[in-house]
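Enquirer: Can you read through this structure? Questions will come right after.
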Amino acid sequence: MNLDNILGMLGLLHDKCGNLLTTHEIIWIVIGFAGQSFFFGRFLIQWLASERAKRSIVPTAFWYFSIGGSIVLLAYALHRADPVFILGQTLGCFIYLRNLQLIHRHQMTTD
């Protein structure tokens, strides 16, 4: 069994109508999964940092992974022309950027 057969069985190489996806469409799916990986990574980072500190904390890397994932997923949402997804990721970008701005402003005042 080769990779094409496995992906075909999972439905990852075909659209909803059963048509084979183009290379362009597959690349966008990979971009979408990359964005989701950023979001998974941020929770992994937060969990590991909290375990290490023995208390719940949100490290700065969490916000960088958040903005990275949000930007990649926003690109994917724009490609898919999904207004709900676009709005959610756009708002998320502003929140993540604001948190990074607050973190850096605090660091500058304490240095």
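Enquirer: Report the residue, chosen from Arg80, Arg42, Arg55, that carries the largest GNM mean-square fluctuation when the chain is represented by alpha-carbon nodes joined by springs under 10 Å.
Expert: Of Arg80, Arg42, Arg55, the most mobile in the Gaussian network model is Arg55.
Enquirer: Now a separate question. Let's see if you can work this out: charge +1 on each Lys and Arg Cβ, -1 on each Asp and Glu Cβ, no other charges. What is the dipole magnitude of the chain about its Cα centre, in debye to the nearest 20? Don't jump to the answer; show the numbers that get you there.
Expert: Working: 8 positive and 6 negative charges, 108 e Å.
The dipole of the chain has a size of about 520 debye.
Enquirer: By count of other Cβ within 10 Å, fewest leading, how are Val30, Val72, Val84 ordered?
Expert: Listed from fewest to most nearby Cβ atoms, that is Val84, Val30, Val72.
Enquirer: Something else now. Just need the relative contact order of the chain here, percent rounded to a whole number, with Cα pairs under 8 Å and 6+ apart.
Expert: It comes to 21 percent, rounded to a whole number.
Enquirer: Here's a follow-up. With a 10 Å Cβ neighbour count serving as the proxy for reagent exposure, in which order, fewest first, do Ile27, Ile45 appear? The partial results should precede the final answer.
Expert: Numbers: Ile27 12, Ile45 17.
Ranked by crowding around the Cβ, least crowded first: Ile27, Ile45.
Enquirer: Taking the dipole about the Cα centre of the chain, with the C-beta of Lys and Arg at +1 and of Asp and Glu at -1, give me whichever of Asn99, Val72, Ile31 is farthest to the positive side.
Expert: Asn99
Enquirer: Return the calculated 222 nm mean residue ellipticity for the chain, to the nearest 500 deg cm²/dmol, obtained by summing -39500 (n - 2.57) across DSSP H runs with n ≥ 4 and dividing by the residue count.
Expert: Here the helix-only value at 222 nm equals -27500 deg cm²/dmol.
Enquirer: Which label belongs to the value computed from this structure, given these candidates for Rg/Rh (Cα atoms, Kirkwood Rh): [x] 1.12; [y] 0.95; [z] 0.93?
Expert: Only one listed value fits the structure, namely [x].
Enquirer: May I ask you to sort Ser50, Ser70, Ser56 by Cβ crowding, counting other Cβ atoms within 10 Å and putting the fewest first?
Expert: Ser56, Ser50, Ser70
Bear in mind that the values in this text are calculations on the coordinates, not laboratory data. This is a predicted model, so every value here is computed, not measured. Note that each Cβ is placed from the backbone with ideal geometry, even for glycine, and that neighbours are counted across all protein chains shown.
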